[in-house]
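Asks: This is the structure I have questions about; it appears just below.
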Amino acid sequence: KLRESLSQISPENWATSEHLHRVLKEGMRLNPVALSIRETGRDILTSKNELIPKGSLCVMHQLMLFRDPNVFSDPNVFAPSRWEEPTREMMSSFHPFSLGKQNCVGQSLARAEVYGIVARVCSEFELSVGEEGIVDHTLTRKAVGARLRARKVCRELGLDGATRNT
């Protein structure tokens, strides 16, 4: 579906593709890039009436939040369509680059790079999984030993300037 939607627009407009945005959002939801480590600025009382004192270091892997079944239906399923009409809870739970003054300083560059690279790769290649690999959770969540196979997709330029896959 992504390749098809990208073929309908010119490459310089790929970053505006809503389908691309949904696919990348869902990919970041299922595979967050980092842990969130924060120092509490004040005493916090949890919903279970437990005290987290000011100055405590709190670690939360976004995977727990991004796969919360109370927020995301079928949380372990890759479903970009869930972002067509996201709920308020989904939007307030999804912050892959963190929030506040300690958010990721490189998020604008990261977004620009990932939109361009993923759009180009997906428009020019058909990908399939060669080897699944194993999931490693050391600092970031990544597949170790995973292998993708790529097959070049032929493209032709339409009269409207958009590319068509053949």
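The values are calculated or read from the model by the stated rules, or taken from the named source; none is laboratory data. Being a predicted model, the structure only gives us computed values, none of them experimental. Note: ideal-geometry Cβ built from the backbone for every residue, glycine included; neighbour counts use all protein chains shown. The area values use the complete protein model at the heavy-atom level, side chains included, leaving out ligands, DNA and RNA. Shrake-Rupley method; radii C 1.70, N 1.55, O 1.52, S 1.80 Å.
Asks: If H21 passes every condition in (1) modelled with pLDDT of 90 or more; (2) more than 16 Å from R120 (Cβ to Cβ); (3) open to solvent by 30 Å² or more (accessible area, probe 1.4 Å) but one, which one does it miss?
Replies: That leaves (2) as the condition not met.
Asks: Would you mind finding the one in N76, N70 that is out of contact with any Lys or Arg (no Cβ under 9 Å at 6 or more places or on another chain) and among the polar types (S, T, N, Q)?
Replies: Every option except N70 fails the conditions.
Asks: Okay, moving on. Which one is surrounded by the most Cβ atoms within 10 Å (Cβ to Cβ), of the residues in the range 64-81 that are over 13 Å from the mean Cα position of the chain (by Cα) and not in a loop (DSSP other than H, G, I, E, B)?
Replies: Per the criteria, the residue is L65.
Asks: Pairs only if they're at least six apart or on different chains, beta carbon under 6 angstrom, first in the range 66-84 and over 16 Å from S5 (Cα atoms) and without any contact (Cβ under 8 Å) to a residue 24 or more places away in the chain, second surrounded by 16 or more Cβ atoms within 10 Å (Cβ to Cβ) and small (G, A, S); list them, first residue then second.
Replies: The qualifying pairs are V71/S93.
Asks: I'd like to know if the range 29-36 contains one or more residues that are within 21 Å of K1 (Cβ to Cβ) and not aliphatic (A, V, I, L, M).
Replies: Scanning the range 29-36, I find at least one residue that is within 21 Å of K1 (Cβ to Cβ) and not aliphatic (A, V, I, L, M), so the answer is yes.
Asks: Test each condition in (1) within 15 Å of the chain's Cα centre (by Cα); (2) modelled with pLDDT of 85 or more; (3) surrounded by 13 or more Cβ atoms within 10 Å (Cβ to Cβ) for H61 and report the one that comes out false.
Replies: All conditions pass for H61, except number (2).
Asks: Still on this structure, please answer the following. Scan the range 42-57 for residues that are among the small types (G, A, S) and open to solvent by 60 Å² or more (accessible area, probe 1.4 Å) and jot them down.
Replies: Passing the criteria: only S47.
Asks: Something else about it: Taking the range 104-122 only, how many residues are part of a loop (DSSP other than H, G, I, E, B) and open to solvent by less than 50 Å² (accessible area, probe 1.4 Å)?
Replies: The qualifying residues number 1.
Asks: Sticking with this one: In the set P32, P96, which member is of a type outside the set (A, V, I, L, M), under 30 Å from K152 (Cα atoms) and crowded, with 16+ Cβ neighbours inside 10 Å?
Replies: Of P32, P96, the one residue that is of a type outside the set (A, V, I, L, M), under 30 Å from K152 (Cα atoms) and crowded, with 16+ Cβ neighbours inside 10 Å is P32.
Asks: For the range 1-18, which positions are open to solvent by 40 Å² or more (accessible area, probe 1.4 Å) and either in contact (Cβ under 8 Å) with a residue 60 or more places away in the chain or within 16 Å of L127 (Cα to Cα) (or both)?
Replies: K1, R3, E4, Q8, I9, P11, A15
Asks: Mind checking which residues of the range 128-156 are assigned to a loop (DSSP other than H, G, I, E, B), loosely packed, with under 11 Cβ neighbours inside 10 Å and at pLDDT below 80?
Replies: Across the range 128-156, the qualifying residues are H137, T138, L139, C154.
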